[in-house]
Amino acid sequence: MKRNLVLAGVLAFVGLAPSATAQVTLGWDAAVFSSYVWRGVTYTNKPVLQPDVYLTFPLGKASLTAGGWANIDIAKYDGSTDISESGGASAFNLAEFDWWGEIGVPVGVATLTGGVTGYIYPNDVGLIDDFNTVEVYGKVALDTPLSPKVSAYYDVDKVKGVYIEGGVSHGLPLGASTLTLGALAGWTGGQEIDSDFSSNFDDKGLTHADLFASMGFSAGPVTITPAIHGVIGNDRRTKYTKLANNAYGANDTSFKVWGGVTISWSKAFGGSEEKGE
C-alpha cells in the first residue's frame, strides 16, 4: 500500500537487459530525500533515509530479481503539523519495510515484468501492522524514443484495488553524465476510500502528475544521482503537505516539490570489475 518502486524498478530493468555472461548481480542503493512521497501522497514531511538491496539471477533471456527496501524517519517529529509514517516518536525510526520480487523478460523493444511486493509497518503508532498488505504488479517498458512505461498494481490484501501509472523520460548527454527529464501520471480504480479504512486515495480517477529531473555521476564503482520532483496533485490526498489538528488537510497545495540524492552500487559475480547502476 505504500511504496512506489520507481528506483527498484529502474535497477531491476537494468538487470533485465540480455547479458553475454549471464551473471548473478548484487546491488544496493541508499537515498536521502527531503520527504517521503509515494504515488503523489506525502507520508513524511521531514528528511528520510531509504536503503534498498537486491539480487538478480539470470533465467535465460529473463531475469529474476528479489530485494528489500526500507523507509527510515531520520528526525524525531514533535510539531503538531508534522506528518510521520512511524509516529515520529524517535529519530532513525524504521517506518516501513517492503520485500519484493519480480521476473522480467525482453520481447523485441519491450521489457515485460511481473512481480509482487509486501508492505510491512513495524511500529505501534502511525502506520501499524493493521495496514500491512501485498500488491501484485505488471510493467511494460519500451526501448524507444521517450522510453514509455506503463505499470499496473493490484492490492490483493487490504485495499483490493488497482493503481495504474504511465510515464515517459528522455536522457540528454552532458559530458560524462546524462540529464534525465521525465513525467508520469497516476490513476486509481479501487484504491480510493470505501467502506474499508484501508485506502490510498480519496477519489477514483487521476491522482497526480510528477515532473522530474535527475543526473547521475560516476565515482569509481558507485553512481551518485541527485533528483528533483514537482508533483501536481489532483486527488485531495496528493495535495497534503502538513497536518491540521492531527488530521489531513493543512497546507493543501496543487503543486509541491521534493527531492534528494541516491548512491547506487552493483557487482556481477564472476565478473572482473564492479560497476555502478
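All conditions in (1) among the aromatic types (Phe, Trp, Tyr); (2) more than 12 Å from the chain's Cα centre (by Cα); (3) at pLDDT 95 or above hold for Trp69, with the sole exception of (2).
Quick check, is Thr207 in contact with a strand residue (DSSP E or B) (Cβ under 7 Å, 6 or more places away or on another chain), within 30 Å of Ile128 (Cβ to Cβ) and crowded, with 16+ Cβ neighbours inside 10 Å?
Numbers: in contact with a strand residue (DSSP E or B) (Cβ under 7 Å, 6 or more places away or on another chain): yes; within 30 Å of Ile128 (Cβ to Cβ): yes; crowded, with 16+ Cβ neighbours inside 10 Å: yes.
Yes: the conditions hold for Thr207.
When residues in the range 51-76 are screened for being over 19 Å from Phe97 (Cβ atoms) and hydroxyl-bearing (Ser, Thr, Tyr), 2 of them pass. A search for C-beta distances below 7 Å between a residue of the range 247-269 that is more than 30 Å from Trp28 (Cα to Cα) and at pLDDT below 95 and any residue that is loosely packed, with under 14 Cβ neighbours inside 10 Å and not hydroxyl-bearing (Ser, Thr, Tyr), counting only pairs 6+ apart in sequence or on different chains, returns Ala250/Ala244.
In the set (1) closer than 22 Å to Trp258 by Cα; (2) modelled with pLDDT under 95; (3) of a type in the set (Gly, Ala, Ser); (4) surrounded by fewer than 18 Cβ atoms within 10 Å (Cβ to Cβ), Ala20 fails one condition alone, (1). Working only within the range 120-173, note down all residues that are in contact with a helix residue (DSSP H, G or I) (Cβ under 7 Å, 6 or more places away or on another chain) and closer than 30 Å to Ser80 by Cα. Correct list: Tyr121, Lys158. Among residues of the range 23-41 being open to solvent by less than 10 Å² (accessible area, probe 1.4 Å) and assigned to a strand (DSSP E or B), the one that is farthest from Arg236 (Cα to Cα) is Gly27. Being over 23 Å from Asp29 (Cα atoms), open to solvent by less than 60 Å² (accessible area, probe 1.4 Å) and modelled with pLDDT of 95 or more: is that true of Ala213 here? No; evaluated as a whole, the condition is false for this residue.
Return yes or no: is Leu142 out of contact with any Phe, Trp or Tyr (no Cβ under 6 Å at 6 or more places or on another chain), among the hydrophobic types (A, V, I, L, M, F, W, C) and modelled with pLDDT of 95 or more?
Working: out of contact with any Phe, Trp or Tyr (no Cβ under 6 Å at 6 or more places or on another chain): yes; among the hydrophobic types (A, V, I, L, M, F, W, C): yes; modelled with pLDDT of 95 or more: yes.
Spelling it out, Leu142 is indeed out of contact with any Phe, Trp or Tyr (no Cβ under 6 Å at 6 or more places or on another chain), among the hydrophobic types (A, V, I, L, M, F, W, C) and modelled with pLDDT of 95 or more.
Return yes when Pro51 is outside any loop (DSSP other than H, G, I, E, B), touching a helix residue (DSSP H, G or I) at 6+ places or on another chain (Cβ under 8 Å) and at pLDDT 95 or above and no when it is not. Taking the combined requirement at face value, the residue does not satisfy it.
The values are calculated or read from the model by the stated rules, or taken from the named source; none is laboratory data. On a predicted model such as this, the values are computed, not experimentally measured, just so you know. So basically every Cβ, Gly included, is an ideal-geometry build from the backbone, and we count neighbours across all protein chains shown. Remember, those area values only see protein heavy atoms, side chains included, never the ligands or the DNA or RNA. Shrake-Rupley method; radii C 1.70, N 1.55, O 1.52, S 1.80 Å.
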